[in-house]
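The values are calculated or read from the model by the stated rules, or taken from the named source; none is laboratory data. Treat the numbers as computed from the prediction; the structure is a model and nothing was measured. Cβ sites come from the backbone with ideal geometry, for glycine too, and all protein chains shown count toward neighbours. For the accessible areas, the whole protein counts, side chains as well, though only heavy atoms, and no ligand, DNA or RNA atoms are used. Shrake-Rupley method; radii C 1.70, N 1.55, O 1.52, S 1.80 Å.
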Amino acid sequence: MLTLKNRLIAFIIMPCWAVFLTFFSESLILWTWPDLDRFPSIIALALTVYIAYPFFSKERFEAIFIKDSNLSFLRKIRRHKSFFIEQTLLWLFVGTASTLASLVHL
């Protein structure tokens, strides 16, 4: 069973981290503040990914958020580095791809 702490990590902190990384990569490419027109779509994408994640990768989700539910957030990151690195790179790629796609259509 998911504890409150793990629900906050999986469904609040991780999507917020995803949105931050997406806008961070966009601002690095454009050298401006992020465009807020894409903000609702990026939030919807991040929430969809993290809400659907337990259904698509059940074993990994259970290992991180259910079996290791008693660990602190920093210990979760240390133990499951590959998951958190993969998520960071995924959202940096999404931000880069969406920014470059918008530049091509200008």
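Points worth noting:
- One residue stands out among those in the stretch 78-88 that are exposed (fewer than 15 other Cβ atoms within 10 Å of the Cβ) and in contact with a helix residue (DSSP H, G or I) (Cβ under 9 Å, 6 or more places away or on another chain): the one that is farthest from LYS58 (Cα to Cα), which is THR88.
- In the stretch 59-69 there is no residue that is assigned to a helix (DSSP H, G or I) and within 22 Å of ALA101 (Cβ to Cβ).
- THR88 vs. criteria at pLDDT below 90 and hydroxyl-bearing (Ser, Thr, Tyr): no
- Applying the set (1) more than 15 Å from the chain's Cα centre (by Cα); (2) modelled with pLDDT of 90 or more; (3) assigned to a helix (DSSP H, G or I); (4) of a type in the set (A, V, I, L, M, F, W, C) to PHE83 leaves exactly one unmet item: (1).
- Output for the stretch 1-56, where each listed residue is closer than 20 Å to ALA97 by Cβ, of a type in the set (Gly, Ala, Ser) and open to solvent by less than 20 Å² (accessible area, probe 1.4 Å): ALA18, SER25, ALA46
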